[in-house]
Amino acid sequence: MKKKNRWWDRSVGYIIYPSTFQDSNGDGIGDLKGITSRLDYLHWLGVDLLWICPIFASPMDDNGYDVSDYKTINPLFGSNEDFKTLLKEAHARGIRVCVDFVLNHTSDEHPWFQKALRDPKSEERSYYIFKKGKKKDGQLVPPNNWKGFFNTSVWSRVGESEDYYLHIFSVKMPDLNWENPKLRQKIYEIARHYLDLGVDGFRLDALAHLAKEPSFRDSKAPLDENGWAYDPSRFSNRPRLYDYLDEFKKEVLSKYPCLSVGEVGGGISPKGSLRFSDREKGSIDMVFNFDTAWCNGAFGSLDRDDAEIRTDVMALKRNFLRWHKACAKRSDLPFYWCNHDHPRVLSQYGSLQWRKESGKMLSMILLFLYGTPWIYNGDEIGMSNVDYDKPEDFFDDVGNKNHVMQLRRDGYSEERITNFLRRCSRVNARTPMQWDGTPMGGFSDKEYKNRMNRNHLEGVNVQEELKDKDSLLWFFKKAIALRKRKWVNDLVQRGGLRFLYRKNEDVMAFVHERDGRKLILIANMRDFPVDLPSFPKSKKVLLHNYKGTAKQGRKSLRPFEAYLLEA
Ligand code: TEU
Ligand code: CA
């Protein structure tokens with residue numbers, strides 16, 4: 001097979017959450033025309049690769065990850081014509097576009113599933129996973145004890161019948177039966193449709209879960225009070241998955257110059273990821289892992305107080321290193337701090353008090369580590385977590401909603417639940433993009449269904465930051481331009497990775513070295529000053545997030561102070 005032209009080697013990616021990016025028609029919902037109207041901004045910023053979260057017809061039970069028609073743009077977001085225009089305009093600016101392809105499940109309102117329900121003998125029935133319930137003490141119970149990602153059994157009963165269908169996410173998202181070759185062909189056909197339309201690639205949603213443990217026997221994992229076992233190993237990264245993907249590559253992906261980025265989630269090891277994305281043997285180009293997104297103890301931190309949440313710099317170093325070690329020579333690797341499933345990175349690893357400094361420091365790590373950087377919309381202006389005051393404010397996410405119901409049953413106080421959501425909910429990343437300081441932040445003329453983050457009134461918005469050359473936004477632009485320079489990119493992508501001050505628990509520092517040239521990054525990840533024993537010699541300071549140096553010299557790093565050096 002022809003060697004792939006890895007055109008994304010020097011790309012800087014940008015993730016767009018369409019419903020809250022830009023509304024163009026005043027209905028309070030972001031849309032495709034809105035995105036198109038902001039392409040000049042993205043071009044100015046310097047990003048050249050988009051991943052747009054799902055934009056296809058959907059009842060929006062999981063905000064578009066429940067697709068009811070793959071070939072029609074969600075009318076909330078516009079029309080198929082609008083999508084063609086978006087593609088054309090993006091390409092005209094040298095920006096490539098990946099769509100979010102949800103192939104593990106559909107919406108229960110998809111015609112396939114509707115037909116499957118209506119007619120148990122239909123071909124469509126075999127596109128999904130239906131099983132007979134079990135009889136227990138004279139009662140019908142689900143086929144097994146598996147629990148899904150959204151806090152329910154993975155099984156829902158079909159009406160009054162004895163049949164259940166499987167869904168590892170919400171009840172409105174039945175899983176597709178990838179074991180069925182006919183179903184696989186249907187999926188390939190959709191993929192071809194978009195590639196023929198000119199789409200540059202896919203972010204492949206929930207890819208880890210396509211194959212299920214074939215016996216569907218009970219899991220032996222501990223049971224919750226409903227008798228359900230949370231055991232993602234039953235439906236994550238199972239051997240059969242790789243066969244499906246090899247076929248997908250053979251029939252579709254290898255025939256187009258496209259980028260495929262899989263989301264393979266929690267639990268994948270760096271070595272395991274090569275089974276997906278090894279340049280020679282893998283079936284897709286890169287896979288997202290979650291290992292660098294939660295290195296502060298916030299994940300599942302319901303019983304922890306705010307004071308216990310602290311960036312674990314050592315864990316970050318370990319994770320960067322092990323992923324680099326496994327992938328550097330063999331696989332491309334995407335790197336992100338935040339996406340629509342995580343709280344804001346500024347709230348995770350940065351600081352609201354040091355918004356500008358910490359935001360700049362985080363941008364430097366993101367842009368100068370091995371891999372393809374993906375910036376989540378709003379991070380370039382320092383957007384942070386919401387300050388909503390009750391659990392209901394987070395119910396826009398069906399996963400959160402189910403979780404809160406459970407926590408209330410478990411007796412958690414409203415205050416603790418709210419605090420937990422403010423720290424961890426993915427709703428934090430889904431508030432409207434802050435374009436200016438008007439009441440709706442320039443996102444829309446109409447009120448958004450949830451309150452915007454009010455800090456858009458205090459200068460955290462694109463318009464204000466554009467006026468200030470020292471802003472986070474201008475810094476991002478400068479850093480992106482630097483990363484895209486050939487010699488810098490060569491060092492980052494092919495220059496190895498060596499950590500400095502390895503045992504230092506506060507400072508992230510690394511070197512890329514190649515042909516006698518070095519790129520050195522030194523970053524204090526704390527909100528207090530940290531002294532280093534020494535400071536590396538360099539030819540030039542390429543980026544620095546403070547003016548001048550500390551009185552005591554460069555060795556004394558101020559809160560979140562960071563340097564990018566050429567040596
Ligand atoms: O997320 C999927 C996801 O997070 C799991 O696949 C993950 O592997 C698991 O939680 C184990 O850590 C994607 C989307 O990004 C998300 O927004 C959707 O809700 C979800 O798929 C369902 O489509
Ligand atoms: Ca709209």
### Query
Which of the following residues is of a type in the set (Gly, Ala, Ser) and without any contact (Cβ under 8 Å) to a residue 60 or more places away in the chain: Ser471, Ser444, Ser384, Ser413?
Ser413
### Message
Restricting to segment 255-278, name every residue that is part of a strand (DSSP E or B), touching a helix residue (DSSP H, G or I) at 6+ places or on another chain (Cβ under 6 Å) and among the charged types (D, E, K, R).
### Response
Glu263
### Query
Looking at this structure, is Asp62 over 19 Å from Asn461 (Cα atoms), away from ligand 2 (no atom under 16 Å from the Cβ) and buried (at least 23 other Cβ atoms within 10 Å of the Cβ)?
no
### Message
Out of the helices (runs of 4 or more DSSP H) lying entirely within segment 287-392, which hold 3 or more residues that are in contact with a strand residue (DSSP E or B) (Cβ under 9 Å, 6 or more places away or on another chain) and of a type outside the set (D, E, K, R)?
### Response
313-327, 355-367
### Query
Given (1) within 24 Å of Phe276 (Cβ to Cβ); (2) more than 16 Å from ligand 1 (Cβ to nearest atom); (3) in contact (Cβ under 8 Å) with a residue 60 or more places away in the chain; (4) not charged (D, E, K, R), where does Pro239 come up short, assuming only one miss?
(3)
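Conditions tested, residue by residue: (1) within 16 Å of ligand 2 (Cβ to nearest atom); (2) within 25 Å of Asp205 (Cα to Cα); (3) at pLDDT 95 or above.
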residue: His105; (1), (2), (3): no, yes, yes
residue: Asp108; (1), (2), (3): no, yes, yes
residue: Phe113; (1), (2), (3): no, yes, yes
residue: Ser126; (1), (2), (3): no, yes, yes
residue: Gly133; (1), (2), (3): no, no, yes
residue: Lys136; (1), (2), (3): no, no, no
residue: Gly148; (1), (2), (3): no, yes, yes
residue: Asn151; (1), (2), (3): no, yes, no
### Task
May I ask you to list pairs of residues, at least six apart or on different chains, whose Cβ atoms are under 8 Å apart, with the first in segment 333-351 being closer than 20 Å to Ser269 by Cα and the second being of a type in the set (Asp, Glu) and more than 16 Å from ligand 1 (Cβ to nearest atom)?
Trp337/Asp379; Cys338/Asp379
### Task
Within segment 475-497, track down each residue that is surrounded by fewer than 16 Cβ atoms within 10 Å (Cβ to Cβ) and in contact with an Asp or Glu (Cβ under 7 Å, 6 or more places away or on another chain).
Gly496
### Summary
In segment 432-443, anything within 16 Å of Asn377 (Cα to Cα) and either at pLDDT below 95 or of a type outside the set (Asp, Glu) (or both) is listed as Pro432, Met433, Gln434, Trp435, Gly441, Gly442, Phe443
### Message
Which of the helices (runs of 4 or more DSSP H) found entirely inside segment 430-500 contain at least 2 residues meeting this: within 24 Å of the chain's Cα centre (by Cα) and polar (S, T, N, Q)?
### Response
486-494
### Query
Is there a residue being farther than 30 Å from Ser363 by Cβ, more than 15 Å from ligand 1 (Cβ to nearest atom) and surrounded by fewer than 23 Cβ atoms within 10 Å (Cβ to Cβ) anywhere in segment 89-108?
no
## Note on the structure
Flagged in segment 1-38 as aliphatic (A, V, I, L, M), under 15 Å from Glu380 (Cα atoms) and either away from ligand 1 (no atom under 16 Å from the Cβ) or surrounded by fewer than 23 Cβ atoms within 10 Å (Cβ to Cβ) (or both), in numbering order, are Val12
### Query
Hey, among the residues in segment 196-236 that are in contact (Cβ under 8 Å) with a residue 60 or more places away in the chain and in a helix (DSSP H, G or I), which one's farthest from ligand 2 (Cβ to nearest atom)?
Arg234
### Query
What about Ile190, is it modelled with pLDDT of 95 or more, surrounded by fewer than 21 Cβ atoms within 10 Å (Cβ to Cβ) and within 16 Å of ligand 1 (Cβ to nearest atom)?
yes
### Query
Hey, does segment 85-100 have a residue that's more than 23 Å from Tyr256 (Cβ to Cβ) and either touching a residue at least 24 places away in the same chain (Cβ under 8 Å) or out of contact with any Phe, Trp or Tyr (no Cβ under 7 Å at 6 or more places or on another chain) (or both)?
no
### Task
Hey, can you tell me all the residues within segment 329-345 that are more than 11 Å from the chain's Cα centre (by Cα) and within 13 Å of ligand 1 (Cβ to nearest atom)?
none
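Starting from residues that are of a type outside the set (A, V, I, L, M) and surrounded by 19 or more Cβ atoms within 10 Å (Cβ to Cβ), keep the ones in segment 50-59 and report whichever is farthest from ligand 1 (Cβ to nearest atom). Before the answer, list the steps.
Step one: of segment 50-59, the residues of a type outside the set (A, V, I, L, M) are 51, 53-54, 56, 58-59.
Still in the list and also surrounded by 19 or more Cβ atoms within 10 Å (Cβ to Cβ): 51, 53-54, 56, 58.
Working: Trp51: 11, Cys53: 7, Pro54: 8, Phe56: 12, Ser58: 11 Å.
Restricting to residues being of a type outside the set (A, V, I, L, M) and surrounded by 19 or more Cβ atoms within 10 Å (Cβ to Cβ), the top hit is Phe56.
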### Message
Given (1) crowded, with 23+ Cβ neighbours inside 10 Å; (2) within 16 Å of ligand 1 (Cβ to nearest atom); (3) hydrophobic (A, V, I, L, M, F, W, C), identify the lone condition not met by Val47.
### Response
(2)
### Message
If a residue must be away from ligand 2 (no atom under 16 Å from the Cβ) and either basic (Lys, Arg) or buried (at least 24 other Cβ atoms within 10 Å of the Cβ) (or both), how many such residues does segment 66-82 contain?
### Response
3
#### Entry: Long-range neighbours under 7 Å by Cβ, at least six apart or interchain, first residue hydroxyl-bearing (Ser, Thr, Tyr) within segment 22-51, second surrounded by fewer than 20 Cβ atoms within 10 Å (Cβ to Cβ) and in a loop (DSSP other than H, G, I, E, B)
Ser37/Ser24
### Query
Take the residues of segment 296-341 that are more than 21 Å from Ser358 (Cα to Cα) and among the polar types (S, T, N, Q): which is modelled with the highest pLDDT?
Ser331
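Could you say whether any residue in segment 415-423 is under 22 Å from Asp27 (Cα atoms) and modelled with pLDDT of 95 or more?
There is no residue in segment 415-423 that is under 22 Å from Asp27 (Cα atoms) and modelled with pLDDT of 95 or more.
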### Message
Quick check on my filter: what residues within segment 121-155 are within 16 Å of Thr106 (Cβ to Cβ) and small (Gly, Ala, Ser)?
### Response
Ser122, Ser126, Gly148
### Task
State all residues of segment 374-388 that are at pLDDT 95 or above and not aromatic (Phe, Trp, Tyr); if no residue qualifies, say none.
Ile375, Asn377, Gly378, Asp379, Glu380, Ile381, Gly382, Met383, Ser384, Asn385, Val386
### Query
Is it true that Ala523 is in contact (Cβ under 8 Å) with a residue 40 or more places away in the chain and in contact with a Ser or Thr (Cβ under 6 Å, 6 or more places away or on another chain)?
no
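The values are calculated or read from the model by the stated rules, or taken from the named source; none is laboratory data. This one's a predicted model, so the numbers in the text were calculated from it and none came from an experiment. Cβ coordinates were reconstructed from backbone atoms using ideal geometry, including for glycine residues, and neighbour counts include every protein chain displayed.
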